[in-house]
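Data first, discussion second: the structure below is written as structure tokens.
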Amino acid sequence: MLGENENRVIIIGGGAAGMMAAIHASENGADVLIIERNKTCGKKLRITGKGRCNVTNDCYLGEFLKNVPTNQKFLYSAFDNFSSEDTKLFFENEGVPLKVERGRRVFPVSDKAEDIVSAMVRACKNRGVTTVTDRISELITENGTVKGCISENGKIYLGKAVIIATGGLSYPLTGSDGDGYALAKSVGHKVTPLIPSLVPIVSKSKICPSLQGLSLKNVSLSVTSRETGKKVYEDFGEMMFTHFGMTGPMILSASAHLSDVYGSSNCKYDAHIDLKPALDDKTLDARLLSDFSKYGNKDFANSLGDLLPQKLIPVIISLSGISPHKKVNSITKEERHALAAVLKDIRISVDGFRPIKEAIITKGGVSVDGITPGTMESKLCSGLYFAGEVIDLDAYTGGFNLQIAFSTGALAGKRAAWS
């Protein structure tokens, strides 16, 4: 007998998915308890989007799912139940005005992730959700049905349903360190390999440390397989060089396509950077001729300031093979074409990823084969639900991963309340 807890839904984890689950479970009549290991909810949410919080992406469902490389079909029911439009409406109704930026990315007008967290915490409180600080180490089950959970200190929490929303392995200092995977495994769920995604790329190229700190905007990136030569990813936007390799929005998204890099000792891919994607070969050559005419009597090293950031010039000169001291008016047509080729294709090896603790999300998680997509309920343990990053779901940058958390959380919360 559950006694006073017969209508309780227990949510393990007070992040984006957990709080959204709590809100929807409460709205559907449940007595809701969030058990969060941190002293406050939404710790990871506070640092998303560099503190600005890209809450969702304002695109239609078909386009949205194109940005979910892992198990996208599993999400149809969750998105149908709670879409990006629903997310926008929720935060607007909670007093957080939103704006849409490049790539249909949605942010709070204030550019403060704290406003998103505060809105969710306030929404939980206003709906009567109780939050306690504790760390769950064990599920209580009986005849294939969950009955509650036990904390690491032995405290027992009873309820009619339990939602695991503990996040992944990324940013462990925010509390995401894999607790949910162990809980899932304890009742028979399979956990797929856990690797970093949306993570900075490591390169052994000497170019990267020489350009450390340099940000590039409006450049094109493509990644090709060394084995086949085929292009596996391409994008346009921003990136930055670091002492270990490369980071920035395009690089993070590229990493989601390169999961076989993780743990490999061989370089399988090359990144190609086009510094002038808006210029075709003919237009770029005309631009070079114009600049060379302007600086005809100067050394080559002093002729590229109108074309490139100062920090990039020595690297481009070195790659072009043209002497930095050669007078511009004596540069040959062949040398000019060689320079143009470098500007259109700086090649950098992809040699690995930064540690998973530096990844924005975790690729892998509780296998969707063991979860009913229309409810988020476990197929192996009645009354047990999953939401958010703990599930084997991941997407590219642009607000897609938070929307996955909100959608799966909303569905899990509603269906747990109905259980």
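Summary table below
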| read-out | value |
| --- | --- |
| Computed over the chain: relative contact order in percent, which uses C-alpha pairs under 8 Å that are six or more apart | 26 |
| For segment 329-406: Kirkwood Rh in Å [reciprocal of mean 1/r, alpha carbons] | 16.8 |
| Percent of Cα pairs exceeding the 25 Å cut-off, where the set is segment 167-278 | 32 |
| Over segment 121-173 - Rg/Rh using Cα atoms and the Kirkwood inverse-distance radius | 1.02 |
| Calculated FRET value between Asn302 and Lys206, using beta carbons and R₀ = 22 Å, to 0.05 | 0.40 |
| P(r) histogram, all alpha-carbon pairs of segment 275-318 included - 5 Å bins from 0, percent | 5, 22, 29, 28, 15, 2 |
| In sequence order, calculated HN-Hα J values of segment 403-419 (Karplus, 6.51, -1.76, 1.60; Hz; x Gly/Pro) | 5, 4, 4, 5, 5, 5, x, 4, 5, 4, x, 5, 6, 5, 5, 7, 5 |
| Inter-probe distance in nm under a simple model that places probes 7 Å from Cα toward Cβ, at Lys311 and Asp291 | 1.8 |
| Helical mean residue ellipticity (222 nm; -39500 (n - 2.57) per DSSP H run of 4+; nearest 500) of the chain | -8500 deg cm²/dmol |
| Estimated dipole of the chain in Debye, rounded to 20 [Cβ of Lys and Arg +1, of Asp and Glu -1, Cα centre] | 900 |
| Residues Ala182 and Thr283, FRET efficiency given R0 of 41 Å [Cβ-Cβ distance, rounded to 0.05] | 0.10 |
| Helix axis angle, 84-93 relative to the chain longest principal axis, alpha carbon, degrees | 70 |
| Nearest-0.05 FRET efficiency for Ser330 and Ile150, computed from C-beta distance (R0 60 Å) | 0.15 |
| Cα-Cα separations in the chain greater than 31 Å, expressed as whole percent | 45 |
| Highest to lowest packing among 144-156, 14-26, 394-406, scored as the average C-beta count within 10 Å | 14-26, 394-406, 144-156 |
| Relative frequency of Cα-Cα separations exceeding 18 Å in segment 200-353, percent | 58 |
| Hypothetical label at Arg127: residues of segment 383-419 whose amide nitrogen lies under 18 Å (7 Å Cα-Cβ projection) | 385-389, 402-419 |
| The chain: angle of helix 333-344 to the longest principal axis, Cα-based, in degrees nearest 10 | 10 |
| Taking segment 11-53 and dividing mean pair separation by its residue count, relative contact order in percent (alpha carbons under 8 Å, at least six apart) | 43 |
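Bear in mind these aren't lab numbers, they're just calculated from the coordinates by the rules spelled out. Source: prediction; values computed, not measured. Cβ coordinates were reconstructed from backbone atoms using ideal geometry, including for glycine residues, and neighbour counts include every protein chain displayed.
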